[in-house]
Amino acid sequence: MNKRVVITGMGVVSSLGNTTKTFFENITNGKSGISSITSFDTTNHPVKIAGEIKINLDEYFDSKELNRLDRFSAFALLAAKEAVEENIVNDALKSKVGVIIGSGIGGLHTMEEQYSRLQKSPKRVSPFFVPSMILDIVSGHISIKYGFKGPNFAVVSACASANHAIGESFNRIKYGMNDIIVTGGTEGGITPLSIAGFANMKALTKNSDYNLASRPFDNERDGFVIAEGAGILVLEEYEHAKKRGAEILGEIIGYGATADAYHLTSPALDGAGAVQAMSEALISANVNSSEVNYINAHGTSTPFNDKIETLAIKKVFSKEFNDLFVSSSKSMLGHLLGAAGAVEAIITIKALQTGIFPPTINYNTPDPDCNLNYIPNKAIEKNINYALSNAFGFGGHNASLLFKKFN
């Protein structure tokens, strides 16, 4: 018998707030977290804006801890603090709690810093270089901090990483392998090397107006805005959560994962992989497409993604797409890469919980190829029971999560 899986904890660190409450208020008010990059000199870079978190990590970690923490790990630990500590998992349960976190590129800050040291002398490379950089270290940090001894690993699938981490955690609980898993995604990828790399492959917008640069589905879109942050969720088997009196924030009921098998960076032009991922999420939950009224889109603000995701949505919801509400949180946050799916899952859960569905800001010029209701510029209030959240990544990775308003 399949188990019900609910959400009993959430935490966020982002350019729009470092608590779930503040974050969601800013999202529903249509605020932008995009700003000028301040963490390094962008004089010689064509891209000078990002969804950068203005945070002093010295206020949260001592110098010894920071010597062993890359920025992406620090973000995850801060988000986990809200998700886990407010959830109060007692000592008797800790030996069975799993931690499965996704990230797209991991400790790039550490990589660049230590490579700079290497140019002076190999002896200058930190002994903490490897355990600060590797992707799986985030799950390790959370496990060590809280004493969680269940399954512990990382998921890497570019910008679909967090959705895959959440989906795989969902399946482990659904099929009775675990009762509680801490999951989500984290990324700290705003560095000189990543900005140069993404810009040179023409993925990033070169628009310097941070009030308009991220504009998913708009006809004038010309690339995404890179961002950083973390989203952490606590998934739990329903009866287990009820027995211990945990607050239930929402329910996850479906998961679909596919590959395009088409191109390193471009989605399949017919949207077949995205279509199959969304369809699998619906089928696994035994939910009809007519029952889903909101989609938190991947919506990167790149010409191909937005057009092809729109096409895929119309194929899956062929009879209902005129009644669908779709929005891209990346219009406000930018693209958090491997963490994107986690913060967008939290937005989707909060939207179902509150009945407030976030807008796609900077949507001013309709694109004839993108002709869905993208909730332009202002949030709406609706009583919606089912919502889908999409994430697609370089390499042709597709992952869709289906959430239900908890009753």
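Averaged over residues, the count of other Cβ atoms within 10 Å places the peptides 192-204, 327-339, 95-107, 113-125 in the sequence 327-339, 95-107, 192-204, 113-125, highest first. For Gly98, the residues whose amide H sits under 5 Å from its own are Gly150, Ile180, Ile181, Val182, ignoring neighbours fewer than 5 places away on the same chain, with H placed 1.01 Å from N. Straightening the chain between Ser266 and Val130 buys 45.8 nm, computed as 0.36 nm per residue apart minus the Cα-Cα spacing.
Taking the Cα centroid of the stretch 207-232 and of the stretch 109-163, what is the distance between the two, rounded to the nearest whole Å? Distance between centres, Cα-based: 27 Å. Using θ = phi - 60° in the Karplus curve 6.51 cos²θ - 1.76 cosθ + 1.60, the 3J(HN,Hα) couplings for the stretch 245-259 round to x, 6, 6, 9, 9, x, 9, 9, 10, x, 8, x, 9, 9, 10 Hz; x is entered for Gly and Pro.
Dividing the convex hull volume of the alpha carbon atoms of the stretch 253-407 by its residue count gives 97 Å³ per residue. Rounded to two decimals, what ratio of Rg to Rh does the stretch 47-87 give with C-alpha atoms and a Kirkwood Rh? With Rh from the inverse mean 1/r over Cα pairs, Rg/Rh is 1.05.
A Förster distance of 22 Å, applied to the separation of the beta-carbon atoms of Glu239 and Asn171, puts the FRET efficiency at 0.80. Amide H to amide H, with H built 1.01 Å from N, Gly254 comes under 5 Å of Leu402, counting only residues 5 or more places away or on other chains.
Fraction of C-alpha pairs exceeding 25 angstrom in the stretch 85-230: 44 percent, rounded to a whole number.
For the chain, the Cβ-based charge dipole about the Cα centre amounts to some 540 debye (Lys, Arg positive; Asp, Glu negative; other atoms uncharged).
In order along the stretch 225-240, phi translates into HN-Hα couplings of 10, 6, 9, 9, x, 8, x, 10, 10, 10, 9, 8, 5, 4, 5, 5 Hz, rounded to whole numbers, per the Karplus curve 6.51 cos²θ - 1.76 cosθ + 1.60 with θ = phi - 60° and x for Gly and Pro.
3J(HN,Hα) along the stretch 22-36: 5, 4, 5, 4, 5, 5, 6, 8, x, 7, 9, x, 7, 7, 5 Hz, from the Karplus curve 6.51 cos²θ - 1.76 cosθ + 1.60 with θ = phi - 60°, whole Hz, x for Gly and Pro. Translational diffusion coefficient of the stretch 176-283 (Stokes-Einstein, Kirkwood radius from Cα pairs, 20 °C, 1.002 mPa s): 120 µm²/s. The fraction of all Cα pairs in the stretch 283-329 landing in successive 10 Å bins from 0 to the largest distance is 26, 53, 20, 1, given as whole percents. Along the axis of the charge dipole computed for the chain (Cβ charges of +1 for Lys and Arg, -1 for Asp and Glu, origin at the Cα centre), the listed residues Thr110, Gly223, Asn407 are led at the positive end by Thr110.
Given their separation in residues at 0.36 nm each and the Cα-Cα distance between them, Asp367 and Phe61 gain 105.5 nm when the chain is fully extended.
For the stretch 1-158, taking the reciprocal of the average inverse distance between every pair of different Cα atoms yields a Kirkwood hydrodynamic radius of 17.8 Å.
The H on the amide N of Ile49, modeled in the peptide plane, is under 5 Å from the matching H of Ile37, each at least 5 residues off or on a different chain.
For the stretch 117-177, a Kirkwood radius taken over Cα pairs fed into Stokes-Einstein (37 °C, viscosity 0.692 mPa s) yields D = 235 µm²/s. Placing unit charges on the Cβ atoms of the charged side chains and taking the dipole of the chain about its Cα centre, the candidate lying farthest along the positive direction among Met133, Leu333, Ser143 is Ser143. Match the structure shown to one of the listed values (1) 30, 28, 18; (2) 30, 29, 24; (3) 35, 30, 21 of semi-axes √(5λ) of the Cα gyration tensor in Å, computed from it, and give that label. Label (1) holds the value from this structure.
A simple packing score, the average count of other Cβ atoms within 10 Å per residue, orders the peptides 38-47, 392-401, 237-246, 12-21 as 392-401, 12-21, 237-246, 38-47, with the highest score first.
No lab work stands behind these numbers, since they all come straight from the coordinates. In this text the structure is predicted, and so the values were computed from the model without any measurement. Please note: Cβ atoms are built from the backbone with ideal geometry, for glycine as well, and neighbour counts cover all protein chains shown.
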